[in-house]
Amino acid sequence: MTEPRLKGKRWDTEFEGKLRRRWKARWPYGFEQKSKKPVYSIDTPPPYVNTPVHIGQATTYVMMDMFARFRRMTGHNVLFPLGLDRNGLPIEMAAEKKYNVKLTSLTRAKAMQLCRSILKEASMASVDSFFRLGVSFNSWKKGTGIGGLYETDSPDYRALTQETFIDMWNKGIIYEDERVNNFCPGCQTTLADAEIDYENRRGFYYHIRFKVKETGEDIIIATTRPELVCTIGMVIYNPDDDRYKHLEGKTAIAPIFGKHVKIRAHPSAEIERGTGIMMVCSFGDLADIRFFREMDIEPVIAINKDGTMNENAGFLQGMTIEEARARYLEELEKLGLVIDKEPTHEHRTPVCERSKDAIEFISMKEYYVKQVEFKRDMKRLARKMDFFAPKSRQILLDWIDSVSIDWPISRRRYYATEVPIWYCKGCGQVIVPPKGKYYRPWLEPPPPGSAGLSRGKCSKCGSSGFRGEERVFDTWFDSSISPLYILKYSRPPLGFFSRNQPCSLRPQGKEIVRTWLYYTVLKDWLLTGKCIFKDVWINYHIVDERGKKMSKRTGNAIDPKEVLDRFGAEPFRLWAAIEGNLEKTDFRCSFDRIEGAGKTLTKLWNIARFISMFPPPKRKPGMLCPLDEWALAEIGKIAAYARDRYNKYDFHNPATKMKNFLWEAFASHYLELVKNRAYNQDGRFTREEQDSARFTLNSVLDQLLLLLAPIVPFITATIFMDLRGADIHSQPFPKPDAKTLKKRPGFGTKDIMELNGMVWKAKKDKGLSLKSGMKELCLPRKLKPLETDIVATHKAEKLSYGKAVRIRL
RNA sequence: GGGCCGGUAGUCUAGUGGUUAUGACGCUGCCUUUACAAGGCAGAGGCCGCAAGUUCGAAUCUUGCCCGGCCCACCA
């Protein structure tokens, strides 16, 4: 009896460890520095170092790895670097939490020290997970070479961020301006619109009595922000509201503060809401900002950037917003001016996406990147890039539509890239350093060669005193250069960037299209005048089995570590491929599903084990049996389909097809029919026929393995190495020849399945073993080419032909 | 309020005009037949969200509605 060459009854996750150890000894996926192959570049999303990988990231990286592995098999030199994000608020917030301090209450040096210590301790847990998942990044070592692991807070990366600022400053695309901004009192910083979330929150409407100066009558105004009465700009009612028409042009007097404002009709007041007459203050929300601008009223800002009331709030000065609200209401109560207090419906409140504090609107000086005037260009670029799935383009287009103010890029935090600017203490002139180095203006004097500097003195007033800028950049100002960074923009080797831009692929989550993708395309276009990406692949969210968002709070989150511990990488990767339907939105994930995918791996292992009993003939046989031609045509069709779909980032459809082929047509039907001929124990078949079987078994297996290699790299590499002694990942992707595909036998897969099904059912119904013989089998004529295989498999004593299958046991 | 997506068995899912609606998990029963019991075979389980329309024919196309998810938007 022939022994299978593959040992072990099933795929074991221990094999993954074995292979990983071999890979680790000699990492096979580095960027080929001297290769002439076309470069395929993937701008991977840098995860935060200090947080463990969640299931969504794990899925995304595994999908990206499939893209990378496939492109390697189609002859590309794949640039697939790992980046780690270490800048910005998440790091600072981790430090605040761990050391239980507010960084804003510390000196800058001390705050930075705490951040660095957080980063130092940050385990490389995420990196380890990627390694275990089999992600084939170019390198796991930090380095500034092509494909090296990079960190967004490295001097090299930060120098490039600052360089892009200097370039844009010199081009006049960046300016400083004082205007009302979104401000997070918790994070103590300005926020871009893209950083704002909305939450449904409840509050109270306070019905407050105002006086009308001219008539002395009372009007009742409902408000959720009584503490802002001190900034009231106008009182409005709807033009169609008969209750208030007589007040047009009269004057309202704000209680206690005594401020006089006009009463006017305005359509933004709704008759049904509140009391129908409302006050507009500066500023309760974005609508107020627009209203003040529209009406040309001078706003009064009563809230400081630390979230306390300022001198414009009179007796409320120095209190927090909440304290001021309570105090003011208390005073109103004493005077009997609060008529009612009713809970509001839940309404959307703008909150900081990180700290979840309610956003305030505060006037401050910040640096801005022009973007409003480029909306048309951005839309053109959005249409130029290829989106996968194509409909995801709309997310970007919608966001571009909603852009209404320029991009505020300066932040009042510490652990981020510094804005590289100094100011002359004498005349205020702006000093801009030369490009190329990493600058820390809060620590260092302006370097020689700076614009506005002459022999170490201000070129305008001759002063030698300078103030370094203390603000830092928005994280997205850093993140938006990742494709420039990995493609060596403005870095050696010379010409690499111009030869290899645009970046082949930006993979990214749909929720950060409005930040990461948008800002990258914007900024890189402003710098280079070109669209930085060719393809954009948008991945969606991982949700639980019922379609609910996963979160630690609701306890339905799946930890990738647990997945790896229980099942290993391969079932997870196969699950991701099968689930990754571009046409759908969210991925459904559960342990059951991942475990289910593992069964297919067992099946694949056993098929390979079976085939390993029949080594391929030394050379391709001169003739192939019709059954074998059919099998080769079937796998050939799948190979052609997979090549086409993989190129379009679709692994779902090919994976589903392969899985079905593997279980059904191949395992259940082809293997059963071909077994006798492959064994040829009683010499019923010729040597040529037997060789045809052995050749086909091995050829189909090889192609299956190659097609699956990008998806499940461990099991395919293990089998291929055992049977063929070569690394599957350096093999070319199968390209079926036209002749194989053109073969059209007179019978189809369905005919074979039907026949086998009927015979097996008939024997079963009689309680006979499947090996038992039958008196007569009548076949449809089109199955004649398969007659010897069919007779041998089903043990028919007599064979005849007719219209339909008939069985006599 | 606007946009996108979805609604098919207990759960999840395939199916974009054509016999009897696919598969998985779960459930019931049977089977150790030399790759596979982490297997094989058989079975139960469906107003294909609702309604109207187009059509010889609709899960599939059109329209309206209902429900769920996500995104965007200025509400006192």
Segment A:648-725: helices (runs of 4 or more DSSP H) wholly inside it with 1 or more residues that are among the hydrophobic types (A, V, I, L, M, F, W, C) and touching an Asp or Glu at 6+ places or on another chain (Cβ under 6 Å) are A:671-679, A:713-724
Residue A:640 away from RNA strand B (no atom under 16 Å from the Cβ), open to solvent by 30 Å² or more (accessible area, probe 1.4 Å), over 30 Å from residue A:379 (Cα atoms) and at pLDDT 80 or above: yes
Which helices (runs of 4 or more DSSP H) does segment A:35-139 wholly contain that include 1 or more residues that are open to solvent by less than 40 Å² (accessible area, probe 1.4 Å) and touching a Leu at 6+ places or on another chain (Cβ under 6 Å)? A:55-73, A:89-99, A:108-121
Given (1) buried (at least 17 other Cβ atoms within 10 Å of the Cβ); (2) within 13 Å of RNA strand B (Cβ to nearest atom); (3) not hydroxyl-bearing (Ser, Thr, Tyr), residue A:342 misses just (1)
Counting just the residues of segment A:281-328 that are modelled with pLDDT under 85 and of a type in the set (Asp, Glu), which one comes out farthest from residue A:230 (Cα to Cα)? A:294
Restricting attention to segment A:409-441, which residues are open to solvent by less than 20 Å² (accessible area, probe 1.4 Å) and of a type in the set (S, T, N, Q)? A:410, A:417
Taking segment A:279-321, which residues are more than 16 Å from RNA strand B (Cβ to nearest atom) and part of a helix (DSSP H, G or I)? A:311, A:312, A:313, A:314, A:315, A:316
Note: among A:377, A:357, A:406, just one is open to solvent by 10 Å² or more (accessible area, probe 1.4 Å), more than 26 Å from residue A:188 (Cα to Cα) and among the acidic types (Asp, Glu), namely A:377
Tell me yes or no: at least one residue of segment A:13-28 is in contact with a strand residue (DSSP E or B) (Cβ under 7 Å, 6 or more places away or on another chain) and either touching a residue at least 40 places away in the same chain (Cβ under 8 Å) or open to solvent by 10 Å² or more (accessible area, probe 1.4 Å) (or both). no
What's the total number of residues in segment A:1-30 that are within 16 Å of RNA strand B (Cβ to nearest atom), among the hydrophobic types (A, V, I, L, M, F, W, C) and touching a helix residue (DSSP H, G or I) at 6+ places or on another chain (Cβ under 6 Å)? 3
What's the total number of residues in segment A:501-516 that are surrounded by fewer than 24 Cβ atoms within 10 Å (Cβ to Cβ) and touching a Lys or Arg at 6+ places or on another chain (Cβ under 8 Å)? 3
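Residues are listed down the side, and each one gets a yes or a no for (1) at pLDDT 75 or above; (2) more than 28 Å from residue A:605 (Cβ to Cβ):
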residue	(1), (2)
A:737	yes, yes
A:767	no, yes
A:771	no, no
A:789	yes, no
A:807	yes, yes
Any chance segment A:198-218 includes a residue that's hydrophobic (A, V, I, L, M, F, W, C), within 12 Å of RNA strand B (Cβ to nearest atom) and within 18 Å of residue A:263 (Cα to Cα)? yes
Six or more apart or on different chains, Cβ under 6 Å: which pairs go from a residue in segment A:590-608 that's among the hydroxyl-bearing types (Ser, Thr, Tyr) and modelled with pLDDT of 85 or more to one that's surrounded by fewer than 20 Cβ atoms within 10 Å (Cβ to Cβ) and outside any helix (DSSP H, G or I)? Could you list them? A:602/A:10
Which members of segment A:707-727 meet the condition of being touching a Pro at 6+ places or on another chain (Cβ under 8 Å) and buried (at least 21 other Cβ atoms within 10 Å of the Cβ)? A:707
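The values are calculated or read from the model by the stated rules, or taken from the named source; none is laboratory data. These figures come from a predicted structure and were not determined experimentally. Don't worry about glycine lacking a Cβ; one is built from the backbone with ideal geometry, like all the others, and counts go over all protein chains shown. To get the accessible areas, we keep the full protein, side chains included, count just its heavy atoms, and leave off ligands, DNA and RNA. Shrake-Rupley method; radii C 1.70, N 1.55, O 1.52, S 1.80 Å.
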